[in-house]
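Every number here is computed from the coordinates shown, using simple stated rules; none is lab data. Model, not experiment: these values are computed from the prediction. Positions of Cβ are backbone-derived with ideal geometry, glycine not excepted, and every protein chain shown enters the neighbour counts.
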Amino acid sequence: MSGRKRTLEAISFELVMTVIAVIALVIIIAPSLVVLIVSFTSGFSLRFPPPGYSLRWYAELWNAWQLHFAAKNSLIVALWATGLSVALGVAAALAISRSQALSARLLDSLFMSPLVLPALAFGLAALMLFSLVGLPVSPLTLVIGHTVVCVPYVVRNTVAALAQLEPTLLESSAVLGASRLYTFRRIVLPLIRPGIIAGAFIAFMSSFDNVPVSLFLRDAATDMLPIRMWQDLEGKLDVTIAALSGVLIIATVALVAVMERVTGLSRRLTN
Amino acid sequence: MGAAPASRDVTSYGMGLAAPLALFFLLFFVAPLLQLLWLSLHNDTAGLQWGLGQYLHFLTDPFSLGVLGSTLLLGAEVTAVCLVLGFPIAWLYQRVGPKLQTIIILIVLLPLLTSVVVRTFAWIVILGRQGIINATLQSLGIIDTPLKLLYTQFGVVIALAQVQMPLMTLPLITALGRIDPNLDDASCSLGAGSWRTFFRIVLPLSLPGIIAGCTLTYAAAITAFITQSLVGGGQMLFMPMYLYQQASTLQNWPFAAAISIIFLLAVLAVVSVFTTLGRMSRGYGGA
């Protein structure tokens with residue numbers, strides 16, 4: 001009798017947990033699906049479900065030169081910021097990853113701090129400093145600002161990849177007479193490459209999507225895609241933005257799928 | 001002469017490799033923040049007259065304090081919703097096979113990597129007057145006039161919770177994965193029910209993950225400028241928008257700097273409270 005009671009109790013627990021988990025997963029995925037469906041509407045409003053389906057807003061997107069221009073700027077800044085983040089971040093990760101020294105731990109905290117500090121406050125601060133030293137806002141200041149907020153992802157993922165590395169591999173390589181540089185090129189780099197790529201990917205995505213830093217550090221001529229979209233949404237609810245969102249969602253899904261194959265992204269973020 | 005290089009540690013690299021990034025941060029991260037602090041300690045816009053005027057203005061102005069309070073409250077609400085919804089996802093993840101695990105992770109990851117503007121836009125479509133919720137409720141005859149969901153606290157909390165959910169769920173999945181499954185079985189075979197085992201064993205042991213998730217979610221939720229302004233609309237003002245208005249529209253840089261510093265300190269205070277709790281729970285949880 002008590003056995004049966006316990007089973008009921010276990011069932012109630014599993015039922016409640018599973019139901020909440022499924023609801024939560026639906027809440028996570030639903031918004032993207034809704035935007036995708038609405039983007040194929042044949043009507044002029046964002047009504048759901050759409051009155052009919054067409055590709056007209058995607059065709060409209062083809063001619064939206066303002067969005068093309070903004071997308072190009074965002075892409076260029078994101079590529080530069082990612083490149084700079086990888087160059088600076090991987091070197092720093094090599095230095096601090098295996099060190100127990102206080103200085104290494106302090107540097108680690110410093111390099112991670114842009115992740116928790118409000119990016120808008122940093123954007124304002126950087127603008128004030130640049131104007132103080134007489135450096136006008138430009139694509140260069142954008143790249144610098146984006147690098148500060150994106151480099152933590154590269155450092156974190158590279159440090160995590162280095163932590164998985166067997167120190168004995170490096171010792172054996174040294175004992176066999178390989179130089180440090182040779183060992184790095186032939187052993188360390190191939191083993192941590194997926195970690196670096198995963199970090200670079202997240203850095204790229206967060207730069208491409210950045211609003212708070214761009215708001216302060218761009219010049220009038222440099223329109224950035226997320227800011228353009230944000231301003232369009234503040235004004236009117238344009239269906240073209242739904243089509244653009246559709247493109248971005250599909251591109252993100254495709255990139256995540258590629259990254260999952262190349263780097264095992266999902267395991268990397270839960271370890 | 002012969003023995004020199006053998007003692008060198010080949011498994012670690014010199015701290016010199018961190019110098020370029022350290023210099024970069026010094027110039028473009030630390031220096032701007034110091035400049036921000038410096039300007040916030042001035043009473044005039046030109047930055048000539050030292051004083052605590054900006055801080056006194058903020059701390060004696062009920063409006064400013066209200067904005068700070070509602071921002072901190074918003075963060076707490078979003079974090080609570082994320083925890084209640086995110087924990088069961090992490091729990092489910094540990095129960096299913098590898099195929100479903102990958103699917104769950106990808107569902108959780110996707111919003112993290114999708115543009116915030118796109119995610120927020122989706123919530124406008126869902127919560128709007130003609131949005132899905134209102135349309136469904138009206139067609140079912142539950143309501144006659146559309147509910148006001150957009151531009152409300154409820155709307156902002158639910159949208160932010162969805163946007164920040166991955167930041168809560170990923171550390172929870174990691175933490176739950178580290179718990180020895182035998183503990184669960186032991187508790188059950190000793191007669192504790194599933195609920196009791198959950199609250200007495202699983203929940204306390206996952207505290208490090210809960211605290212990591214709460215820190216990330218809270219910090220992200222209170223600074224989520226785009227979602228706050230688009231879903232909250234003009235009537236609801238939170239710290240990031242307040243800061244932006246003062247800096248950009250009103251060009252009141254010293255006051256904007258003071259707002260930034262107060263906001264930074266508030267975030268740091270919350271993060272360090274969570275970190276301290278995390279350190280304490282690590283001793284308790286043994287993870």
In whole Å, how far is the Cα centre of segment B:217-242 from that of segment B:165-216? 31 Å
Take the Cα radius of gyration of segment A:106-199 and divide it by 2.2 N^0.38 Å, with N its residue count; two decimals is plenty. 1.49
Per DSSP helix of 4 or more residues, -39500 (n - 2.57); summed, then divided by the residues of chain A. What does that give at 222 nm, rounded to the nearest 500? -25500 deg cm²/dmol
Per-residue HN-Hα couplings for segment B:151-167 [Karplus 6.51, -1.76, 1.60; θ = phi - 60°; Hz; x = Gly/Pro]: 6, 10, 4, 4, x, 5, 5, 5, 5, 5, 4, 5, 5, 9, 3, x, 5
Label-point separation in nm, A:SER172 to A:ALA254, each point 7 Å along Cα→Cβ: 4.1 nm
Relative contact order (%) - criterion: Cα under 8 Å, at least six apart; region: segment A:64-268: 32 percent
Hydrodynamic calc, segment B:1-143: Kirkwood Rh from Cα pairs, then Stokes-Einstein at 20 °C with viscosity 1.002 mPa s, so D in µm² s⁻¹ is 95 µm²/s
HN-Hα J couplings of segment B:99-116 from phi, Karplus 6.51/-1.76/1.60, θ = phi - 60°, integer Hz, Gly and Pro as x? 4, 5, 4, 4, 4, 4, 4, 5, 4, 5, 6, 3, x, 4, 9, 7, 3, 4
For segment A:147-198, the Cα-Cα pair-distance distribution in 5 Å bins from 0, as whole percents, is 4, 21, 25, 20, 14, 10, 5, 2, 0
Evaluated over segment B:46-106, the Cα radius of gyration and Dmax, each in Å: 22.2, 65
Suppose the Debye formula is applied to equal point scatterers at every Cα of chain B; what is log10 I(q)/I(0) at q = 0.16 Å⁻¹? -1.28
With N residues in segment A:108-155, what two-decimal value do you get for its Cα radius of gyration over 2.2 N^0.38 Å? 1.18
Can you show me the helix-derived [θ] at 222 nm for chain B, built from DSSP H runs with n ≥ 4 at -39,500 (n - 2.57) apiece and divided by the number of residues, rounded to the nearest 500. -22000 deg cm²/dmol
Candidate aspartates and glutamates for bridging to A:LYS72, where Cα separation is under 18 Å - those fewer than 8 sequence places away on the same chain excluded: A:GLU60, A:ASP209, A:ASP219, A:ASP223, A:ASP232
Could you tell me the convex hull volume per residue, in Å³, taken over the Cα atoms of segment B:92-205? 162 Å³
Percent relative contact order of chain B, based on C-alpha pairs within less than 8 angstrom and at least six residues apart? 26 percent
Net charge of neighbours whose Cβ lies under 13 Å from the Cβ of B:LEU176, counting Lys and Arg as +1 and Asp and Glu as -1: 0
Quick one: compute the contact order of segment B:65-214, relative version, from alpha carbon pairs under 8 angstrom and 6+ residues apart, as a percent. 30 percent
Under a plain spin-label model, where a point goes 7 Å from the Cα along Cα-to-Cβ, how far apart in nm are A:LEU106 and A:LEU8? 6.3 nm
Starting at 0 and stepping by 5 Å, how many percent of the alpha carbon pairs of segment A:139-256 end up in each bin? 2, 10, 14, 14, 14, 13, 9, 7, 6, 5, 3, 2, 1, 0
Take the alpha carbon atoms of chain A, find their radius of gyration, then divide it by 2.2 N^0.38 Å using N residues; give the quotient. 1.28
Once amide H atoms are built 1.01 Å from N in the peptide plane, which residues 5 or more positions from A:THR41, or in another chain, come under 5 Å H to H? A:SER54
R0 = 22 Å: FRET efficiency of B:LEU48 with B:LEU268, Cβ-based, nearest 0.05? 0.15
How large, in Å, is segment A:51-152 by the Kirkwood hydrodynamic radius built from its alpha-carbon pairs? 16.5 Å
Helix hunt in chain A: which complete DSSP H runs extend at least 18 Å axially by C-alpha with mean Kyte-Doolittle at least 1.6? A:2-39, A:119-132, A:239-263
Quick one: Debye curve from the alpha-carbon atoms of the protein assembly as shown only, equal weights, vacuum; give me log10 I(q)/I(0) at q = 0.11, 0.13 Å⁻¹ to two decimals. -1.10, -1.45
Each residue of segment B:121-128 in order: what ³J(HN,Hα) in whole Hz does its phi give by Karplus 6.51 cos²θ - 1.76 cosθ + 1.60, θ = phi - 60°, with x for Gly and Pro? 4, 4, 5, 5, 5, 6, 8, x
Set the Förster distance to 60 Å, then compute FRET efficiency between A:ARG186 and B:ASP144 from the Cβ-Cβ distance, nearest 0.05. 0.25
